[in-house]
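Below is one structure, written out as structure tokens; the observations come after it.
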Amino acid sequence: MKKIILTGGGTAGHVTPNIALVPALKEAGFDISYIGSKNGIERELIRNVGIHYYAISSGKLRRYFDLKNFSDPFRVLKGYNEAKRILRFEKPDVLFSKGGFVSVPVVLAAKALHIPAVIHESDMTPGLANRIAAKGASYFCCNFPETLKLLPEGKAVLSGTPIREELFHGSVESGRTFTGLTDDKPVLIIIGGSQGSKAINDALRQSIIGTSNNISGSDNSAASYDNSGLLADFNIIHLCGKGNIDERLTNTKGYLQYEYIGEELPNLFAMADVVISRAGANAICELLALKKPNILIPLPLSQSRGDQILNAKSFEKQGFSYLLEETNETVSTEQLEKAVHDVYADRDSYIKTMSESSSSDSIKIIVDLLNKLAK
């Protein structure tokens with residue numbers, strides 16, 4: 001049986017594409033193990049999948065002053081030696097890395113042992129970890145056409161991101177049962193990430209509550225909001241993030257707010273006519289794969305290295321998304337309302353353009369590369 005080691009961690013975005021590959025890798029005859037950090041989010045996520053997990057030491061390569069900059073290089077070196085011992089023991093035919101700093105010592109250890117590796121970069125511009133690990137890559141997969149020219153010549157492959165299979169099997173009927181929403185209005189879903197987005201949350205709720213009310217707090221009756229702003233034309237499902245429930249809007253007809261959604265997410269996506277989202281690469285690739293008309297509101301430069309802005313501009317240029325940027329860390333309620341109505345009116349055009357994308361076979365493209373290298 002062919003053997004593969006998966007690696008990547010630090011955020012869920014560095015792990016979920018690996019998990020999405022697992023069923024296809026098993027079907028292709030691979031025995032799968034995982035190398036991640038000792039305390040990262042990947043450990044718990046991979047445990048739930050039932051894959052053998054190896055933990056190594058991991059440090060972060062920071063481009064700013066921090067006392068840990070003096071100790072973390074030794075942690076990376078220790079992780080490199082630990083990864084080498086694991087790879088010698090497992091003897092994998094190929095390695096797949098989704099990035100994150102834990103992946104750097106693993107990919108470089110694989111290179112030292114002449115084990116071929118495929119690296120995947122989600123964002124338009126490769127992050128520091130993947131730029132370092134690129135020296136050990138046989139192929140470098142990416143999501144955006146613009147990224148190809150930034151990658152090593154002869155190694156770059158436009159693959160798209162592996163998408164979790166369960167997202168494709170959502171049920172509108174199950175979603176309606178879960179939410180209690182009827183089909184009297186189209187459904188708008190807002191996703192601001194696990195922590196939510198204050199700017200997006202405020203703009204949406206200002207649309208519902210109205211400009212005459214203070215968004216920070218009010219004793220107004222929820223019943224008066226039932227047909228206000230976007231609620232006049234849409235049923236709204238708002239994934240607002242941990243600790244961000246607005247009690248004023250509890251029991252408002254047509255508006256549902258959740259801190260987090262787990263296994264019901266495919267059913268909610270199945271219901272969605274328009275989606276508002278941040279522009280993290282994995283999130284927007286899921287919207288592309290599901291062919292959901294969408295409005296992207298990327299993290300501003302004050303909160304990121306600008307990768308989400310580049311991601312969103314690429315999707316806008318390709319005709320997949322409507323781009324709405326924050327101004328001074330706020331989102332205009334009026335612009336948000338206009339964007340939602342415009343995208344809904346043009347939804348068939350967005351769906352047609354997304355259906356013509358070549359990135360929908362990402363799992364097959366990546367597994368074919370891994371099979372090629374494992375022979």
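The values are calculated or read from the model by the stated rules, or taken from the named source; none is laboratory data. Since the structure is predicted, the reported quantities are computational estimates derived from the model, not experimental observations. Neighbour counts are summed over all protein chains in view; Cβ atoms, including those assigned to glycine, are modelled from backbone coordinates with ideal geometry.
Listing for the model above:
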| item | result |
| --- | --- |
| Segment 339-363 - residue that is of a type outside the set (A, V, I, L, M, F, W, C), more than 16 Å from Gln318 (Cβ to Cβ) and surrounded by 13 or more Cβ atoms within 10 Å (Cβ to Cβ) and, of those, modelled with the lowest pLDDT | Asp361 |
| Residue that is farthest from Ile191 (Cα to Cα), among those in segment 364-375 that are touching a helix residue (DSSP H, G or I) at 6+ places or on another chain (Cβ under 9 Å) and at pLDDT 95 or above | Leu370 |
| Qualifying residues in segment 327-338 (those that are of a type in the set (Asp, Glu) and under 16 Å from Ser207 (Cα atoms)) - the one surrounded by the most Cβ atoms within 10 Å (Cβ to Cβ) | Glu337 |
| Residue in segment 99-108 that is assigned by TED's automatic domain parsing to the domain that holds Ala12, at pLDDT below 95, among the hydroxyl-bearing types (Ser, Thr, Tyr) and in a helix (DSSP H, G or I) present | yes |
| Matching residues in segment 109-132 - criterion: being at pLDDT below 95 and either in contact with a Gly (Cβ under 7 Å, 6 or more places away or on another chain) or among the charged types (D, E, K, R) (or both) | Glu121, Ser122, Asp123, Gly127, Ala129, Asn130, Arg131 |
| Test: residue in segment 78-93 that is closer than 19 Å to Lys38 by Cα, at pLDDT 95 or above and part of a strand (DSSP E or B) | no |
| Criterion (of a type outside the set (Val, Ile, Thr), buried (at least 17 other Cβ atoms within 10 Å of the Cβ) and over 24 Å from Ala232 (Cβ atoms)) met by exactly one of Leu287, Leu324 | Leu287 |
| Odd one out for Thr125 among (1) surrounded by fewer than 18 Cβ atoms within 10 Å (Cβ to Cβ); (2) out of contact with any Asp or Glu (no Cβ under 7 Å at 6 or more places or on another chain) | (2) |
| Restricting segment 246-266 to residues that are over 30 Å from Gly306 (Cβ atoms) and under 18 Å from the mean Cα position of the chain (by Cα), the residue that is surrounded by the fewest Cβ atoms within 10 Å (Cβ to Cβ) | Gly262 |
| Answer residue from segment 143-153, given it is at pLDDT 90 or above and more than 12 Å from Asn311 (Cα to Cα) and is surrounded by the fewest Cβ atoms within 10 Å (Cβ to Cβ) among those | Lys149 |
| Matching option when the condition is of a type in the set (Gly, Ala, Ser), at pLDDT below 95 and on the phi > 0 side of the Ramachandran plot, among Gly262, Gly192, Gly243 | Gly243 |
| Of all residues in segment 154-171 being of a type in the set (D, E, K, R) and not in a helix (DSSP H, G or I), the one that is surrounded by the fewest Cβ atoms within 10 Å (Cβ to Cβ) | Lys155 |
| Any chance Asp233 is over 16 Å from Thr179 (Cα atoms), at pLDDT 90 or above, assigned by TED's automatic domain parsing to the domain that holds Gly175 and surrounded by fewer than 21 Cβ atoms within 10 Å (Cβ to Cβ) | yes |
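For (1) farther than 30 Å from Gly9 by Cβ; (2) out of contact with any Pro (no Cβ under 9 Å at 6 or more places or on another chain); (3) not assigned by TED's automatic domain parsing to the domain that holds Val118, each residue gets a yes or a no:
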{"position": "Glu286", "(1), (2), (3)": "no, yes, yes"}
{"position": "Ile297", "(1), (2), (3)": "no, yes, yes"}
{"position": "Lys313", "(1), (2), (3)": "no, no, yes"}
{"position": "Gly319", "(1), (2), (3)": "yes, yes, yes"}
{"position": "Thr333", "(1), (2), (3)": "yes, yes, yes"}
{"position": "Val340", "(1), (2), (3)": "yes, yes, yes"}
{"position": "Ile366", "(1), (2), (3)": "no, no, yes"}
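Results for (1) β-branched (Val, Ile, Thr); (2) in contact with a Lys or Arg (Cβ under 9 Å, 6 or more places away or on another chain); (3) in a helix (DSSP H, G or I); (4) without any contact (Cβ under 8 Å) to a residue 40 or more places away in the chain, shown as yes or no for each residue.
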position: Leu268; (1), (2), (3), (4): no, no, yes, no
position: Glu286; (1), (2), (3), (4): no, yes, yes, no
position: Ile309; (1), (2), (3), (4): yes, no, yes, yes
position: Gln335; (1), (2), (3), (4): no, no, yes, yes
